[in-house]
1. Which pairs turn up if I take residues in segment 278-304 that are more than 15 Å from LYS414 (Cα to Cα) and look for partners that are of a type in the set (Val, Ile, Thr) and surrounded by 22 or more Cβ atoms within 10 Å (Cβ to Cβ) with beta carbon separation below 7 Å, at least 6 apart in sequence or on another chain?
2. Pick from SER440, SER452: which is at negative phi, surrounded by fewer than 19 Cβ atoms within 10 Å (Cβ to Cβ) and among the small types (Gly, Ala, Ser)?
3. Quick one: count up the residues across segment 242-267 that are of a type outside the set (S, T, N, Q) and open to solvent by 30 Å² or more (accessible area, probe 1.4 Å).
4. Name the single residue that is modelled with the lowest pLDDT among those in segment 157-181 being surrounded by 20 or more Cβ atoms within 10 Å (Cβ to Cβ) and not β-branched (Val, Ile, Thr).
5. Specify which of the listed residues (ILE125, ILE145, ILE120) is under 17 Å from GLY183 (Cβ atoms), free of Cβ contacts under 8 Å to residues at least 60 places away in the same chain, assigned to a helix (DSSP H, G or I) and open to solvent by less than 20 Å² (accessible area, probe 1.4 Å).
6. Quick one: which residue in LEU322, LEU367, LEU328 is buried (at least 18 other Cβ atoms within 10 Å of the Cβ) and over 30 Å from GLY69 (Cβ atoms)?
7. Within segment 241-248, identify whether any single residue is under 27 Å from LEU359 (Cβ atoms) and touching a residue at least 40 places away in the same chain (Cβ under 8 Å), and answer yes or no.
8. Of everything in segment 430-444, what is outside any helix (DSSP H, G or I) and under 12 Å from LEU315 (Cα atoms)? Give them in sequence order.
Amino acid sequence: MKNKFIGINALLNAIKTIFSIIFPLITFPYISRVLGVENIGIYNFSSSIVSYFTLLAGLGISTYAIREGARYRNDRNKISDFCSEVFSINFISTLVSYVILLFCLIFLNKLHDYISIIVILSMSISFTTLGCEWIFNIFEEFGLITIRTIICQFISVVLMFIFVKDKDSLVQYSFITLISTSGANFINIFARKKYCDIRFCFNSKMKKHLISILILFANSIAMTIYINSDVTILGLISGSYHVGLYSVSTKVYTMLKSLLGALIVVSIPRLSSYIGTGNEREYAETASTILNSLITLAVPVMVGTFALSDKIVFLLSGKDFLPATTSLQILSVALLFSIFSWFYTSCVLIVNKEDKSVLKATTFAALANIILNVLLIPYFNQNAAAFTTALAELISAVVCYLYGRKYFQSNLQKNDIISTLLGSFLIIVICRLVKIYISSLYVSIFVSFILSVIVYGIVLILFKNNSLKLILDFIKRK
């Protein structure tokens, strides 16, 4: 298979992520005002419940398939056998997941008020299994993934403004978001035939896959717990209103995390391929470039989000959601920890098959998150949920770094660190000054963003930041 330039892959995945951000930026201000805090809370609580069954259906299959499948992608027969075995495991786990979900909906009274929304959102589980998007990741077909995702999101935006009209439109909204999140997987069912021939099978090789998959599954459980337990516990203890407030903060946090993580996602197949073929030098150089770029981007994003948090909340959701400002500020700090943890988890430990180390890190984080959520949410509501998320991300980052440093040693340059910190400090100054002298919400956000980007870029150029030099060199070559 012809290697695609990793910068192009990152750009394509970033475009997909940007449209995933634009989609809620267009719709969420409208949806939050039409549906209201209570309905937004119902939707997000239902989504958090479905996420656990999505996790059960997915096991650790996507991560495992991308890592291992990258080694077979040049041989159609081998990749077809591999994908068939992995898909068969995924199909069985999906059936088990639906059976358990049905049992919970029947016997857990607390979920009865949410049944209709949970059932609708749970349809995404089957689409995800049948779509096998991990196949397209194996072959680094991020262009196809991007195009399909954008088309489905565009259709969803149009449908949302047509059919979601008032507080009684929650069911319609749930169906439309299903199209946005799972429409591409429906297309994948037909498109995947180009890369491999999938059939349902049951053989001895599946046991070998299953052992590694279950370790990754245990890791996914721990990770999902410390990502979603805050919403679930917040809903059970404080109610839908506080979940609705917290949903604004988490939406911004998730969007920014996904955008920054675009570079990580596209790097996993390439780094796995380097490790599999023994190209340690290419692995070290690529991983170092990725980490330096992530730090250069994540720090100013964290600072800017913190400084503009109240304006961001008001812009997205209106004055009724302003109590979410503090939780967004806390999550902006969590963003840096999260990206660092994500890098060491996916680009260092998992590609080096240190799945058990990742499991330990996420287990520590999950336990801390659950305990602190139960203790603090009754007193501080959504702010406690944000704080526990930040702490969980920090724990995960530290533990993953300690386990991963024997495989990868970061090579941060002094000039890069100074330019990143100085540029980020100037972003704070700019946001403060704009807030004093410009009262218009839209104008102040626009001016703060533009000036921050310009000033930060100038600082990087003056200090000859290596990440910026790589980007500029890539543009010149193209």
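1. ALA287/VAL348; LEU294/ILE339; ALA298/ILE339; VAL299/THR420; PRO300/ILE427; VAL303/ILE427; GLY304/ILE427
2. SER440
3. 7
4. The qualifying residue modelled with the lowest pLDDT is SER180.
5. Unique residue meeting the criteria: ILE120.
6. So the residue among LEU322, LEU367, LEU328 that is buried (at least 18 other Cβ atoms within 10 Å of the Cβ) and over 30 Å from GLY69 (Cβ atoms) is LEU328.
7. No - not one qualifying residue is present in segment 241-248.
8. Within segment 430-444, just SER440 meets the criteria.
The values are calculated or read from the model by the stated rules, or taken from the named source; none is laboratory data. Note that this is a predicted model, so its numbers are computed, not measured. A quick note on method: Cβ atoms are made from the backbone with ideal geometry, for glycine too, and the neighbour counts reach across all protein chains shown. SASA here: full protein model, heavy atoms, side chains in, ligands and nucleic acids out. Shrake-Rupley method; radii C 1.70, N 1.55, O 1.52, S 1.80 Å.
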